[in-house]
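Chemist: One structure, as C-alpha cells, below. Some questions next.
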C-alpha cells in the first residue's frame, strides 16, 4: 500500500474528548492518520491548513466542536470560512476539494467520529496521492547567493556617498518608520549579520525604487535588497516577516511540483473567446487565488482584470491562448529571497510556453510583466517570446482609431504601480489611456508618477503598522482630489488599499471605489 | 461626357488647399494603379488661381480599359482636405459615391455619410504636418480599395524626397490601419456590437 499521509487537527475540547473515548474503546486509528492537538479550530489559519498540503499531506481534516458549542464562541465560524477558502484554492491547484474537510462532533459522538475516520481514509485513498511535492528547504548554496562583498560590488553600493537622499525620499521613512536605505547599505558594508538592519529592515523595504531614482551613485537599491534577501535566506530562513502567515509563499512554492495540473481557467465566462492554436498567449497571474483568499474580508475582485483583458482582446478580434497549467510567475518568491523556487517556477512556465510555440505573451499584471520581461532573463532563464503589457496592446489598437469612449460617470484619480514605473516604455501609458477616456474627469494625487506613494507592501513581506499608515495617507491624498474612483493598475495596490479602507476607526473617511484601468476601459470603450 | 460603361472604372477627385500635397497625392494614386497594379490611369491637375493657395484639385481616373478622356464631372470617390474644397465639389459626388475627409478640417453636412480621419493632426504627431497627404493615401487605400497596398507603398516610396521614405511609409501605415479599423468598427456596429460585451 502506498504511504498516505493524513493530518487530523483535533480541537482540544469536544473533538478530542470523542477521540479519547474512541481510543478507550480499543479502536485502532488507521496508521496513515497523524493527529495534531490544537486549542481551537478557529486558530488554524488558511496558511496552516495549506502548509500541511505543501509539506506532503494527502488529506487534512479539521475536527472541531459543533457550532454553538465552541469554547470560545466564534472558533467554529472562523474555521468554516478558513476551510472553505482553502478548499477553493486547492481546487484551483487541481486537487480535489474534499481532501480538506471540516467536521464537528459533540464529546459523546464517538461512533460518528469513527465513521468519519474510516470514510475519510477511504476517500483519500480513492483520490490517490496528492500531486504536490513537499518542498524541502533546499538552502541555496552559498556560492550561488554570493557574499556581501560580491553583492555590494555588483550594485556599486560601495559608491554610497552617505548623502541620505534615499532615506529622505523613502515612503517608509516618510511615514515615520525607523528605516533607512543608507543605514542598510552601511550595515551590509560593515558585514554584521545580527544588526537590526539586516535581521529586520531588509524585509520591510518596499522595493519601490524611489531611492534608486534619487541616488547620485545610481545604486539600484531594489535589486540590491533582492540579492541581500536571497543571501540572508540561504543562511537563515527569514520567513517570520512574511504576511498572511506565509500563505502566498507557501502557495507559490507548492506550484513548483512538476506533477501539478492547475485548474485556474475553467471558470471563465462563456462569452470569452480563446484559441488554443493562437501564437499569442494571455498570462493571467495570481488573481483567482487572491480573490478566493480575501473574499470574506475585502470582497476583492481582481479576477475581473483578467476577464476584462480577455474581453478587450476579443473586442479587437484577438482570441489568445491561455496556459492551461499556468503557474505563478514567481515574482513574490524572488522578492522574498527564495531564488531556488523562483527559478523552478520560471523553468516550468517557460517550458510550457515554448511547447505551445508562443511568439507573444500578453499580461495585465505589472509584476508578471516585469518578471517575464526582465527577471527571467536576468537569472539565466531564456525567454523566447515577446512580452507585451495589456496597456501596450490597447494603446496600439486604440491609436489605430475608430474607437471612442463613453465618458465614465466617475471622477478618477490614479494609483501608480511601482513595477510599471520601472519601465520607461510603460510608465506613461496608463495616463495616456486615461486621457483618451476622459481628460476632464481626471485629477492627479499630490504624489504621482516617479514619486508616487507605494500601496504599502510588496511581495507579501514586511507588512506592519507603518504599511497601514502609508495606505491611510495615500487614501487621504486620493480623497483630497475630490475623485470618487481610484484607478489602479496592479492587483496588489487594489488589495492593499482596500484593506486600509476597512479600518473601523476611520469609518467612511477613506472609502472609495477602486477599479483597475483595464476594467474602466472595458466599461467605456465602444466603436465610433 | 465620361463613358460610364467602362468596366471597373473609378473616378477620384482629391482636393484641398494648395500646398497640402494634393497633386502629389493624386499622382501617387495614379502611379500606384499604373505601375503597381498594371491598370490605366490619368491625372489632371488644376492650374490657375488654385495653385496660389486657394482650392486645389487633382482628378484621377483608374480603369482596366483605356481611358479616352481624362476630365471628371461626377467622381466615385471624393477626398476632401479643406472646407472650401468640400463645398465646391460635394454636389458633384455620385449619390452612391464615397466621401473621405480630414476630420478636423472639414465639417460635412450632418446627413452625409463620410469616412473621416484626423490626417493633419496625425501628421503633426508624427512630426511633419506635410505628411497629411500620405496619411490620406493610406486611408483611401484601406477604405476605397482602388489600389493595392503594395502598389501604394511602392508609389509612396518612389515619390517622396530621398531620406524620408521610412517616415512616409510610417505615415502611410498609420492612415491605412486607421482605415481598416474604421471599416472594422462599421462592420461591428452593423452586427450590433458597440461596446465590449458585459
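Chemist: Given the criteria more than 24 Å from residue A:95 (Cβ to Cβ) and in a loop (DSSP other than H, G, I, E, B), does residue A:26 qualify?
Modeler: Yes: the conditions hold for residue A:26.
Chemist: Select, from B:112, B:121, the only residue that is more than 13 Å from the chain's Cα centre (by Cα), part of a helix (DSSP H, G or I) and free of Cβ contacts under 8 Å to residues at least 24 places away in the same chain.
Modeler: After ruling out the rest, the residue left standing is B:121.
Chemist: Please go through the range A:5-18 and give me each residue that is crowded, with 17+ Cβ neighbours inside 10 Å and farther than 14 Å from residue A:118 by Cβ, ordered by number.
Modeler: Listed by number, the residues that qualify are A:5, A:7, A:9, A:10, A:11, A:13, A:14, A:15, A:16, A:17, A:18.
Chemist: Please report, ordered by residue number, the strands (runs of 3 or more DSSP E) entirely within the range A:355-405 with at least 3 residues that are under 28 Å from residue A:223 (Cα atoms).
Modeler: Hits in the range A:355-405: A:360-363, A:386-389.
Chemist: Does at least one position in the range A:326-334 carry a residue that is in contact (Cβ under 8 Å) with a residue 24 or more places away in the chain, touching a helix residue (DSSP H, G or I) at 6+ places or on another chain (Cβ under 6 Å) and within 14 Å of chain B (Cβ to nearest Cβ)?
Modeler: no
Chemist: Checking the condition buried (at least 24 other Cβ atoms within 10 Å of the Cβ) and free of Cβ contacts under 8 Å to residues at least 40 places away in the same chain, which residue from A:517, A:475 passes?
Modeler: A:475
Chemist: If you don't mind, there's one more thing I want to ask. Is there a residue being under 26 Å from residue B:35 (Cα atoms) and more than 14 Å from chain A (Cβ to nearest Cβ) anywhere in the range B:117-126?
Modeler: No, the range B:117-126 contains no residue that is under 26 Å from residue B:35 (Cα atoms) and more than 14 Å from chain A (Cβ to nearest Cβ).
Chemist: Something else now. Go through the range B:147-178 and give me each residue that's under 15 Å from the mean Cα position of the chain (by Cα) and within 14 Å of chain A (Cβ to nearest Cβ).
Modeler: B:171, B:172, B:173, B:174, B:175, B:176, B:177, B:178
Chemist: Which ones in the range B:179-198 are assigned to a helix (DSSP H, G or I), within 7 Å of another protein chain (Cβ to nearest Cβ) and in contact with a helix residue (DSSP H, G or I) (Cβ under 7 Å, 6 or more places away or on another chain)?
Modeler: Passing the criteria: only B:182.
Chemist: Quick check on this structure: which one of A:28, A:37 is out of contact with any strand residue (DSSP E or B) (no Cβ under 7 Å at 6 or more places or on another chain), loosely packed, with under 15 Cβ neighbours inside 10 Å and either at pLDDT 95 or above or not assigned by TED's automatic domain parsing to the domain that holds residue A:295 (or both)?
Modeler: The unique qualifying residue is A:28.
Chemist: Can you list the helices (runs of 4 or more DSSP H) lying wholly within the range A:30-137 that have 2 or more residues being within 22 Å of the chain's Cα centre (by Cα)?
Modeler: A:46-54, A:75-92
Chemist: Oh, and also: Examine the range B:62-85 for a residue that is modelled with pLDDT of 90 or more and assigned to a helix (DSSP H, G or I), and state whether such a residue exists.
Modeler: Checked the range B:62-85: at least one residue is modelled with pLDDT of 90 or more and assigned to a helix (DSSP H, G or I).
Chemist: Give the range A:196-209 a look and list any residue that's touching a residue at least 24 places away in the same chain (Cβ under 8 Å) and within 22 Å of the chain's Cα centre (by Cα), or say none.
Modeler: A:200, A:202, A:203, A:204, A:205, A:206, A:207, A:208, A:209
Chemist: Run down A:320, A:288 and say which single residue is over 15 Å from residue A:393 (Cα atoms) and either more than 14 Å from every other protein chain (Cβ to nearest Cβ) or over 19 Å from the mean Cα position of the chain (by Cα) (or both).
Modeler: Residue meeting the stated conditions: A:288.
Chemist: Hey, residue A:305 hits all of (1) without any contact (Cβ under 8 Å) to a residue 60 or more places away in the chain; (2) within 26 Å of residue A:222 (Cβ to Cβ); (3) within 14 Å of another protein chain (Cβ to nearest Cβ) but one; which does it fall short on?
Modeler: The one condition residue A:305 does not meet is (1).
Chemist: Now a separate question. Could you list, in sequence order, the residues of the range B:171-198 that are farther than 19 Å from residue B:20 by Cβ and in contact (Cβ under 8 Å) with a residue 40 or more places away in the chain?
Modeler: Of everything in the range B:171-198, those that are farther than 19 Å from residue B:20 by Cβ and in contact (Cβ under 8 Å) with a residue 40 or more places away in the chain turn out to be B:182, B:183.
Chemist: Right, another one. Just to be sure before I move on: is residue A:413 within 14 Å of chain B (Cβ to nearest Cβ), within 30 Å of residue B:195 (Cβ to Cβ) and not in a loop (DSSP other than H, G, I, E, B) in the structure I sent?
Modeler: For residue A:413, the condition - within 14 Å of chain B (Cβ to nearest Cβ), within 30 Å of residue B:195 (Cβ to Cβ) and not in a loop (DSSP other than H, G, I, E, B) - is not met.
Chemist: Considering only the range A:431-440, I want to know if a residue exists there that is under 30 Å from residue A:247 (Cα atoms), surrounded by 17 or more Cβ atoms within 10 Å (Cβ to Cβ) and more than 14 Å from every other protein chain (Cβ to nearest Cβ).
Modeler: Among the residues of the range A:431-440, not one is under 30 Å from residue A:247 (Cα atoms), surrounded by 17 or more Cβ atoms within 10 Å (Cβ to Cβ) and more than 14 Å from every other protein chain (Cβ to nearest Cβ), which makes the answer no.
Chemist: Next question, about the same structure. Only one residue in B:145, B:138, B:127 is under 15 Å from residue B:179 (Cα atoms), free of Cβ contacts under 8 Å to residues at least 60 places away in the same chain and surrounded by fewer than 17 Cβ atoms within 10 Å (Cβ to Cβ), so which one is that?
Modeler: The match here is B:145.
The values are calculated or read from the model by the stated rules, or taken from the named source; none is laboratory data. Just so it is clear, the structure is predicted and the values come from calculations on it, not from any experiment. Because the Cβ atoms are built from the backbone with ideal geometry, glycine has one as well, and the counts that use them run over all protein chains shown.
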